[in-house]
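First comes the structure, then the notes that go with it.
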């Protein structure tokens, strides 16, 4: 039984702005992964956009598009994942502390540097007084957000706005270089935002299971167990692989990193692609997003057709 | 029935290391806030008295290891909560942590070195992100099946406590460690200073002449166990978590609405969840940061929900300072102490209260306490209320 249905999805990534569940756009493999940002003014006043960090404007655009498509409902929860939060504002405030010495600082970048700036901003703009949460657990922030979404649906909440976002800063590449991370991997650093309309009301595609496990001995075994539990055979399952920093350790049909780049919450973009793929073709009746990191931690999101 | 059992707790604040010391100083009305004359950091702070060296030594790390103070404070309290917990491989264990600054104390050093010398040691930023701090604490406690970090500004650990209870309730885990940690750092000091919400003197929550908050640091954790886990551990139940709710003020990014809409909603929803009427709450541990705005909207929210039955309430921020992400967990542990010792803590430094309100706690008051409400509010309009009930 599907408990969490996906009614709409939006994403901003190196691929551009996707504002539909079923993607007509053909995906292109990329070599640089800065977000290809849309014209925001359709939904966000230009004055606001100018003051916003990239992570906030990407996330807001995705969230407000979902809200518009859904007819501006009273969301019973707004749940956001971010691996690193508002890096640009953090960098800005740290730099202003050093450069200003003892002078009076502008509080804007400090207040915007909070990890829950995005979820708070969405609530503020939508005048939403309900559940509002931000999950920050490196590469598994989005999977954890989906687990929270499941908890909230169990708690009788009905319709949730669920999303993920991370932004790129050149400083990330500098630091990764200092750690002697593989150059190709550093060049693949990306950014993006993806949001979903999730509810218990039926839709063609839904999330069957979400699993986060630490220090797993065999990824393949974990996948087999999960597919078995859901009576799914591997050949009908479309496997999408993501990894923010490490190698990809699994045989997959699609390496999502090639399309949106490496960032902590790119499994949310993978979920958008998975939903679209299931709706487009007949061969696969389910999709599995396999998210791994260098410490043998594992995130699995299993998506199925109703 | 939503009650979830709490069996263990651990805490580090400027009141000291451990549950016992914190309880003694709370009952004695003995604040941990001290004046700092350090250049560029003048003012009143609730700083934990142990240095990083002392914490590393006590926790068994070499002095040259690069560990954020946030992680050290967190591990100290998490160890107290998990101390001598019998391992049982048949139990599923989770850790829900909370923080806002993470390894910012080390990132600041990285940035200033980078600006001064054009180079800096990258290992200083290896623990920058909040998840890295959580991973460090987890790795030094036990092999958890599931790890997560919540960051919703000053309500972060209250939310970790709420989600942990839901994980137990949903039957997903048997034993869950919940709480949060934040260390004092220049980033938050300069940030709150730039917002002009710091009091240059000892803070006065709920006093009409209050000027702002004092920053503090610390961490607190407790352990939820279901029946299966309690059978295995033999732990007694310290208290039950009976109500929890999160709501959003949706008024301003950092300021609170005058009526405290978010706070009203969080409190009423938590009461509903616990199936309690307002008159059944015996003590409120308020968020009470001592900023003019926060205390007014919280007071208005409490008055709206409780009306004539507003119980005795106090903010303990004048004991600890505002410990940001840790404050919800520190005050949750204080709520456990209130239930355990049957006491409402004194609201230090209060002289005159708005409306001449009689419910404010002017002294350490021993009385029957069956249910405690604890409030935590943060930037982004994030409001969380938790209810703790006697075992």
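Using Cα centres only, tell me the gap between the range B:243-276 and the range A:53-103 in whole Å.
Using only Cα atoms to place each centre, the spacing works out to 22 Å.
Taking the DSSP beta bridges in the range A:206-305 as the whole, what percent of them are antiparallel, to the nearest 5?
Antiparallel: roughly 60 percent of the beta bridges in the range A:206-305.
With a Förster radius of 22 Å, plug the Cβ-Cβ distance of residue A:171 and residue B:252 into 1/(1 + (r/R0)^6) and report the FRET value to the nearest 0.05.
Using R0 = 22 Å, I get an efficiency of 0.15.
Using only Cα atoms and rounding to the nearest 10 degrees, what angle (0 to 90) does helix A:87-100 make with the longest principal axis of chain A?
Once rounded, one gets 20 degrees.
What Kirkwood radius, in Å to one decimal, follows from the Cα pairs of the range A:149-188? Don't skip to the end; give the middle numbers.
Values: mean 1/r = 0.0754 Å⁻¹.
By the Kirkwood definition, the hydrodynamic radius is 13.3 Å.
In Å and on Cα atoms, what radius of gyration and Dmax does the protein assembly as shown show?
Radius of gyration, then largest Cα-Cα span, for the protein assembly as shown: 23.8, 73 Å.
Write down the Å³ per residue value for the convex hull defined by the alpha carbon atoms of the range B:1-71.
170
Could you tell me the distance between the Cα centroids of the range B:51-113 and the range A:148-181, to the nearest Å?
A separation of 23 Å, based on Cα centres.
Considering only C-alpha atoms, what is the centroid distance from the range B:8-33 to the range B:192-242, in Å?
Cα centroid of the range B:8-33 versus Cα centroid of the range B:192-242: 11 Å apart.
For the range A:4-203, report the % of Cα-Cα distances exceeding 27 Å.
32
If I take R0 = 45 Å and measure r between the Cβ atoms of residue B:391 and residue A:221 in this structure, what FRET efficiency does the formula 1/(1 + (r/R0)^6) give, to the nearest 0.05?
Approximately 0.65, to the nearest 0.05.
What number in nm² do you get for the range A:206-305 if you take the convex hull of its Cα atoms and divide its surface by four?
About 5.6 nm², averaged over all directions.
Under a crude label model (7 Å from the Cα following the beta-carbon direction), how far is residue A:252 from residue B:370 in nanometres?
If labels sit at residue A:252 and residue B:370, their model points lie 5.5 nm apart.
Tell me, Kirkwood radius of the range A:59-132 from alpha-carbon pair distances, in Å?
13.9
Output the relative contact order of the range A:126-213, whole-number percent, from Cα pairs under 8 angstrom with separation of 6+ residues.
On the way: 66 pairs, mean separation 31.3, N = 88.
Relative contact order of the range A:126-213: 36 percent.
Per 5 Å bin from zero, what fraction in whole % of the C-alpha pairs of the range B:4-233 is there, up to the bin with the longest pair?
With a bin width of 5 Å, the distribution comes to 1, 7, 13, 17, 18, 16, 12, 8, 4, 2, 1, 0.
Kindly state, to the nearest 0.05, the FRET efficiency for residue A:231 paired with residue B:112, given R0 = 45 Å and r defined as their beta-carbon distance.
0.20
P(r) for the range B:243-390: what percent of alpha-carbon pairs falls in each 5 Å bin, starting at zero?
2, 11, 22, 26, 23, 13, 3, 0
Taking the beta-carbon count within 10 Å as an exposure proxy, list B:85, B:272 from fewest neighbours to most.
In increasing order of surrounding Cβ atoms, one gets B:272, B:85.
Tell me, what is a quarter of the convex hull surface for the C-alpha atoms of chain B, in nm² with one decimal?
Result: a mean projected hull area of 17.9 nm².
List A:286, B:219 from most exposed to least, where exposure is judged by having the fewest other Cβ atoms within 10 Å.
Neighbour counts put them in this order, fewest first: A:286, B:219.
Could you please rank A:200, A:183, A:56, B:100, placing first whichever residue has the fewest other Cβ atoms within 10 Å of its Cβ?
Going from least to most buried by this count: A:183, A:200, A:56, B:100.
No value in this document is a laboratory result; all are computed from the given coordinates. Everything numeric here is computed off the predicted structure, so don't read it as measured data. Quick reminder, even Gly has a Cβ in these numbers, built from the backbone with ideal geometry, and neighbours come from all protein chains shown.
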